[in-house]
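Read through the structure below, which is laid out as structure tokens, and then see the notes.
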Amino acid sequence: MASRKDTILKAAQRTAKQAHSAATQRRKKPSSRVNVDPHRHCSVCWKPISLESDPPICGDGDCVRMYERREKSRKRFSFIMYLGIAVFVGMLVVQIYMGASG
Ligand SMILES: [Zn+2]
């Protein structure tokens, strides 16, 4: 009976110790991240670049080309999207107009 109580007590103490060490380790971590300057990353290769970089790329030839290609497809996509909305709105207007007159 007593030995069983002992084991439980020891286990509890061990768990408490583990929790304590985990807590202290967690507390230590953030201090190493304080010194990192604010920065952004190249949108192609994720290399750290200066905060003022515009466009947000590192200046590497491959990254510039990749960024331009992406920008082009993005512009085309938004153009198609606006075109779709315009067509939708136009059809809506026509339907309302037809309904009102007919
Ligand atoms: Zn890059």
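Each reported figure results from applying straightforward, stated rules to the coordinates on display, with no laboratory input. Predicted model, so just to flag it, every value in this text is computed and none were measured. Because the Cβ atoms are built from the backbone with ideal geometry, glycine has one as well, and the counts that use them run over all protein chains shown.
For W46 and M91, the difference between the fully extended length at 0.36 nm per residue and the C-alpha to C-alpha distance is 11.8 nm.
Model label sites at M66 and T7, defined 7 Å from Cα along the beta-carbon direction, differ in position by 5.8 nm. Distant-in-sequence amide contacts of I49, defined by a placed amide H-H separation under 5 Å and a gap of 5 or more residues or a different chain, comprise R40, H41, C42.
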